[in-house]
Amino acid sequence: MSDAKKPNPTAAILIIGDEILSGRTREGNAYYLAGELTKAGIDLKEVRIVSDDQDQIVGAIHALSKAYDTLFTSGGIGPTHDDITADAVGVAFGAKVDVRDDAKALLAAHYAQRGAEFTPARMRMARIPEGATLIDNPVSVAPGFTMGNVHVMAGVPNVFQAMVASVLPTLTGGAPVLSRSLRVPRPESEIAEPLRDLAETYSDLSFGSYPFVTDGNYGVNLVVRGQDETRLETAFAELQSAFPEGQ
């Protein structure tokens, strides 16, 4: 069996924060991560959101880190009292959490350069579980960290994205998922049967159907996904033949 046929590594993301569940903050990190993992050949299999509750966080870390090859977390590593992700990871792994010298030095230098006070609240961001590896943060310096197969990252989008860029090169990916799409100006009910037939013929590929309405007219975007480019192009050519009005 060729590498392209092997299952890709799997991942999940755990979003942490009451502000997400209350609707005060719009969540976008899972969307960003999904795109980056797809390009790297890693399949994002689950997105879970929990509140700022240690038991919920610990339970989710246990479940997701065991179910998937890699777990990313987003949120809860800032300077405030409700930033409890580091402590939850420590509990999950049975590791002591305390201010670590290398993280403290990074933060101290950062605030000194800005002429800002290195307060006890800011010191909280240097609290790291024993045995963890720091994740570089070129945006705001405060590091994330990796513990086992869990990568703990900030919730602020530009910081999260920078941390993803730091971590992804360290992960083993599979074959990137390729896709082709066809916009067909027909209602979904009219394309269901021929689409099903194609999906059965090309069972190694994934076929998606996404309806839309434009100016009162119904249509559907048909998407074919797969890892084998030749197989994908052959299936897409048949899809175009089946729906010649598509664009």
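Descriptive notes on the structure:
- With a Förster radius of 45 Å applied to the beta-carbon distance between residue 168 and residue 241, the computed FRET efficiency rounds to 0.75.
- Taking all protein chains together and a 1.4 Å probe, the residues 31, 218, 210, 111 rank 31, 218, 210, 111 from largest to smallest accessible area.
- Rounded, prolate or oblate (a/c below 1.5 giving rounded, otherwise prolate when a/b exceeds b/c) for the range 47-167 by Cα gyration tensor: prolate
- Options (1) 43, 19, 16; (2) 54, 18, 12; (3) 28, 20, 18 - which one matches semi-axes √(5λ) of the Cα gyration tensor in Å as calculated here: (1)
- In this Cβ point-charge picture (+1 for Lys and Arg, -1 for Asp and Glu), the range 12-161 has a dipole of about 240 debye about its Cα centre.
- Inter-site label distance for residue 149 and residue 189 at 7 Å from Cα along Cβ, in nm: 4.5 nm
- Compactness of the range 113-216 was expressed as the Cα radius of gyration divided by 2.2 N^0.38 Å, which yields 1.81.
- Carbon + sulfur, % of accessible area of the range 89-222 - ligands and nucleic acids excluded, 1.4 Å: 51 percent
- Descending principal axes extents, the range 1-108, alpha-carbon based, whole Å: 50, 35, 28
- For residue 186, the amide hydrogen comes within under 5 Å of the amide hydrogens of 220, counting only partners 5 or more places away or on other chains and with H modelled in the peptide plane.
- Per residue, in Å², the accessible surface of the range 127-178 once ligands and nucleic acids are set aside, probe 1.4 Å: 40 Å²
- Under 17 Å of direct C-alpha separation, and excluding same-chain neighbours fewer than eight residues apart, residue 6 reaches these aspartates and glutamates: 43, 69, 204, 228, 229.
- 222 nm mean residue ellipticity, helices alone, for the chain (DSSP H n ≥ 4; -39,500 (n - 2.57); rounded to 500): -11500 deg cm²/dmol
- The range 44-93 and the range 193-247 have Cα centres spaced 38 Å apart.
- Ordering of 46-52, 151-157 by packing [mean C-beta count within 10 Å, highest first]: 151-157, 46-52
- In the range 117-247, a dipole from Cβ-located charges (positive for Lys and Arg, negative for Asp and Glu) runs towards its positive end, and of 149, 174, 184 it is 149 whose Cα lies farthest in that direction.
The values are calculated or read from the model by the stated rules, or taken from the named source; none is laboratory data. Note that this is a predicted model, so its numbers are computed, not measured. Cβ sites come from the backbone with ideal geometry, for glycine too, and all protein chains shown count toward neighbours. Side chains are part of the model used for accessible areas, which takes the heavy atoms of the whole protein and leaves out ligands, DNA and RNA. Shrake-Rupley method; radii C 1.70, N 1.55, O 1.52, S 1.80 Å.
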